[in-house]
Amino acid sequence: MEMSLTWMLLCLLLRASTAQSPAPEGVLNCCEGDVLFILDSSGSVSSYEHSRMLAFLSELLLPFSLGEDQVRVGLLQVGTRPRLEFGFDTHSTQSGLQGALRNIKPLRGDTNTVEALRMAKEWVLRPGAAGGARVGLPRVLVWLTDGVKPGDVIGPMARLQEEGVAVLVVSTGHGNYQVLRQVVTPPVETNLYFVDIDDMSIITEDVRDAIIEIIRAERIQVRDVSSNSATLLWRPVLSGLMGSYEIRFRPLLTGGVGVWRPGTSPSTGGGEYQKQTQSADSSTAKLTGLKPDTTYSAILIPKSEGQTFNQLSVNFTTKPEVLSPAVVTVSELGQTSVRLSWGPLQPEMVTSYYIEYSGLPRGKLHAVTVDRRENSTLLRDLQPDTTYLVTVSALHASGKERAMSVKVCTQEVTPALADLQLTTVGSDSVQVDWKGSVPGLRGYWLTWEGQQNSVPGQRSSLYLPPDSLSTRLTHLPPLARVCVSPIYRTARGEGLCCTAQFHSHGLAYGYQS
């Protein structure tokens, strides 16, 4: 009965925490990192204290956005045999995380914190390990303890910090201050907390801010860089707040004049800042009108009344100027026509396109002009089975001209077989005659297959040279189906088929397709 009442109390505490503590919107999407909680649930921790610690975790984590590109959370419980309740890749939603916290049960037994730290170091917090922390992102260890005989934790905690893990401690008992201050990451005043079990909610915001300070995603990325534009992406730290983002960008100086650095005043020859302003819920900005093959520096300045955010900066280099046509492709290849396409489409830079084509080696030259807003055309009235040299030229508004050539081969004409006749000879042989012999013919392909009782039999085949117009097939099964197809240089033409029907007297009969 006592245990049931305890778990009912735990559920009520967690639900109350969730209901009474709406997520501070300024925390959403703020951060990117992996946070592991080591929770003391040994025999020295009562069921009530365990439930209060879980309620504290529920309220502490509620505002964070969870997911692969945001915050991930793991929970490792301490007992005689420490147990990972859930790893970083388990919960990507708050509903899943909060539900898991409501179902955690204490382990009891001894306080084997040293073993829990070994598991954390070698497995959970190890970057790149299966189910472990992500490479290149902040890692945080938050240890919740009652301070009762945790063991020799100074060495293991020091090794974790040496590997880049930030350590925070929340003690609900009267633990050894001198020991705990040695295991936390400086500054001690923001990363070490002593609090009574019934007053844990008092430190919730402070502990959350300490975690945010470590895993705040202060990174700005550059995507979709072209010769004259680029897109900036960042974590929307102002989401839900009143404010805006100011973006400043300008090229770095070259040629021995010097290098402009973010935060300094413009130097001679570098030009003034270009600026953009984006709303507080933005996370992207497109920079346009950039110069090709130029290194730029961009600064993102979050602004919100009463709050201070770090400025973020990034350098990037635009791509060299791409003049159309940079690529020419062929599609819809036929015997007398072909579709020609080119790119990139640059109507603001190109006045017109001029396409020239002629058959090789000495065909007549043809030409067509295409509007600057088009990037394809259909070349018609071509000769079959012919190689053409096609040149796409673009006249640019700047006066520059650029041309690109490709070779195109039209498809070969492959006439179908004109006629096929079978004449039975005896009880199992047939004389096969056909009409063909068109220019470009490379031979004939014969196949025959038995169809006794409607079940296909073994297929046989035979190649004959182009001057052959007949052959005799022997030892055929009843109702054998004979097919003849013309063969050309690049493909097989459409053939004809007949079924051999054996009678007592030889009989000639026409084809069946």
| Among the candidates 298, 326, 280, which residue alone is within 28 Å of residue 240 (Cβ to Cβ), within 33 Å of the chain's Cα centre (by Cα) and either at pLDDT 90 or above or of a type in the set (Asp, Glu) (or both)? | 298
| query | Out of all the residues in the range 443-460, is one or more surrounded by 17 or more Cβ atoms within 10 Å (Cβ to Cβ), modelled with pLDDT under 95 and touching an Asp or Glu at 6+ places or on another chain (Cβ under 6 Å)? | reply | no
| said: It is to be established whether one or more residues within the range 343-361 are within 24 Å of residue 492 (Cα to Cα) and modelled with pLDDT of 95 or more. | reply: no
| message | Could you tell me how many of the residues in the range 176-192 are surrounded by 18 or more Cβ atoms within 10 Å (Cβ to Cβ) and either more than 41 Å from the chain's Cα centre (by Cα) or modelled with pLDDT under 90 (or both)? | response | 1
| remark: With the first residue restricted to the range 359-381 and required to be assigned by TED's automatic domain parsing to the domain that holds residue 405, and the second required to be of a type in the set (A, V, I, L, M, F, W, C) and part of a loop (DSSP other than H, G, I, E, B), Cβ contacts under 6 Å at 6 or more apart or on different chains are 375/345
| query | What is the residue count in the range 99-131 for residues that are crowded, with 20+ Cβ neighbours inside 10 Å, in contact with a helix residue (DSSP H, G or I) (Cβ under 9 Å, 6 or more places away or on another chain) and closer than 18 Å to residue 68 by Cα? | reply | 1
| remark: With criteria (1) touching a Pro at 6+ places or on another chain (Cβ under 6 Å); (2) in a strand (DSSP E or B), residue 74 comes up short on (1)
| request: Considering only residues that are touching a Pro at 6+ places or on another chain (Cβ under 9 Å) and assigned to a loop (DSSP other than H, G, I, E, B), look in the range 459-488 and name the one that is farthest from residue 432 (Cα to Cα). | output: 488
| task | List the strands (runs of 3 or more DSSP E) that sit entirely inside the range 330-416 and contain at least 1 residues that are of a type outside the set (D, E, K, R) and in contact with a Gly (Cβ under 7 Å, 6 or more places away or on another chain). | result | 387-396
| Flag if residue 90 is under 30 Å from residue 149 (Cα atoms) and either in a loop (DSSP other than H, G, I, E, B) or modelled with pLDDT under 95 (or both) | no
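The values are calculated or read from the model by the stated rules, or taken from the named source; none is laboratory data. None of the values given here were measured: they were computed from a predicted structure. Reconstructed Cβ throughout: ideal geometry from the backbone, glycine too, with neighbour counts over all protein chains shown.
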